[in-house]
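Here's the structure we're looking at; comments come further down.
The values are calculated or read from the model by the stated rules, or taken from the named source; none is laboratory data. It should be emphasised that the depicted structure is a prediction, and the values quoted were computed from it without experimental measurement. Virtual Cβ from ideal backbone geometry, glycine too; neighbours counted across all protein chains shown. We work out accessible area using only protein heavy atoms, side chains counted, and drop any ligands, DNA or RNA first. Shrake-Rupley method; radii C 1.70, N 1.55, O 1.52, S 1.80 Å.
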Amino acid sequence: MKIHNTYFRHANIKFASLLLVTAVSFSSLNTAFATSRKSQAQDAKKTAESNLNSVNNSINNITTKQQQLQKEINALDADLVELLVNMDILSDELAEKRLEIEQANKDLKAAQKTETEQYERMKKRIRYMYESGDDTLLEALLGATSMSDFLNRVNYCTVYDYDREQLEVYKQTKQEVIDLKAQLLNEQSEMEEMQDNYKLQEADLKEMVAQKESTMDDFASQLSQAKILATQ
């Protein structure tokens with residue numbers, strides 16, 4: 001009986017020792033596992049923070065580019081508005097210039113008509129003078145190729161001063177109208193050329209604005225994706 005008790009006592013001691021060793025080993029394993037998990041968690045946190053910083057930097061960079069691009073778009077819009085205003089002004093000026101040219105055409109026709117009428121009246125008076133016996137005037141009248149040639153052929157003293165002065169006035173008036181019309185046509189041509197240039201500038205500005213707005217849309221898409229990543 002004593003031997004049996006001794007056996008059980010030794011067995012209990014061994015079992016207790018085994019339990020103690022097992023408990024210690026399990027505790028050590030738990031500690032090691034916990035340490036490993038903590039280290040992994042810390043590494044994951046650092047990685048996440050690094051990624052978040054990277055994403056935030058990307059967001060700030062995109063936002064800065066958006067702001068700069070918006071300034072460029074605003075500047076182009078301002079240029080476009082100014083150009084459109086100038087185009088409207090030029091269009092009005094062109095309309096006025098066409099009216100001036102139209103009036104110049106009327107004035108020229110009137111001057112030509114008056115000059116012709118005055119010339120015809122003078123010829124009638126000269127014919128009357130011829131019929132009264134002045135052969136020199138008839139020769140000058142028949143040999144003249146133009147009104148200017150006629151006036152040069154006719155002796156100044158044999159033509160009424162009034163007729164000669166009036167013809168000179170009408171000739172000068174007609175020439176002034178011709179010169180004015182030429183000037184107006186030249187100004188019209190320059191204005192039409194300017195109008196064509198304005199249209200080209202308008203097309204270029206609109207194309208530039210469209211390109212920058214497309215880039216702005218790309219930035220908006222990038223910014224949206226970056227914010228999603230930051231949230232994650």
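Which residue out of Gln175, Gln211 is free of Cβ contacts under 8 Å to residues at least 40 places away in the same chain and within 30 Å of Lys113 (Cβ to Cβ)?
Gln175
Which residue pairs have Cβ atoms closer than 6 Å, lie 6 or more positions apart in sequence or on different chains, and pair a first residue in the stretch 46-63 that is farther than 15 Å from Thr231 by Cα with a second residue that is at pLDDT 70 or above and hydrophobic (A, V, I, L, M, F, W, C)?
Between residues of the stretch 46-63 that are farther than 15 Å from Thr231 by Cα and residues that are at pLDDT 70 or above and hydrophobic (A, V, I, L, M, F, W, C), the close pairs are Ile62/Phe219; Ile62/Leu223.
With the condition kept exactly as written, say whether any residue in the stretch 52-66 is under 56 Å from the mean Cα position of the chain (by Cα) and either farther than 30 Å from Lys212 by Cβ or modelled with pLDDT under 65 (or both).
Step one: of the stretch 52-66, the residues under 56 Å from the mean Cα position of the chain (by Cα) are 52-66.
Add one more test, that the residue is either farther than 30 Å from Lys212 by Cβ or modelled with pLDDT under 65 (or both), and what stays is 52.
Yes, the stretch 52-66 has at least one match.
Please specify each residue of the stretch 75-90 satisfying the condition of being free of Cβ contacts under 8 Å to residues at least 60 places away in the same chain and open to solvent by 70 Å² or more (accessible area, probe 1.4 Å). Before the answer, list the steps.
Going through the stretch 75-90, the residues free of Cβ contacts under 8 Å to residues at least 60 places away in the same chain turn out to be 75, 78, 81-82, 85, 88-89.
Passing the criteria: Val81, Glu82, Val85, Asp88, Ile89.
Restricted to the stretch 91-106, and to residues that are more than 14 Å from Lys181 (Cα to Cα) and free of Cβ contacts under 8 Å to residues at least 60 places away in the same chain, which residue is least open to solvent (accessible area, probe 1.4 Å)?
Initially, the stretch 91-106 is screened for residues more than 14 Å from Lys181 (Cα to Cα), giving 91-95.
Still in the list and also free of Cβ contacts under 8 Å to residues at least 60 places away in the same chain: 92, 95.
Working: Asp92: 97, Ala95: 48 Å².
Per the stated criteria, the residue is Ala95.
Within the stretch 147-163, is even one residue in a helix (DSSP H, G or I), at pLDDT 70 or above and either in contact with a Ser or Thr (Cβ under 9 Å, 6 or more places away or on another chain) or within 30 Å of Ser54 (Cα to Cα) (or both)?
Taking every residue of the stretch 147-163 in turn, none turns out to be in a helix (DSSP H, G or I), at pLDDT 70 or above and either in contact with a Ser or Thr (Cβ under 9 Å, 6 or more places away or on another chain) or within 30 Å of Ser54 (Cα to Cα) (or both).
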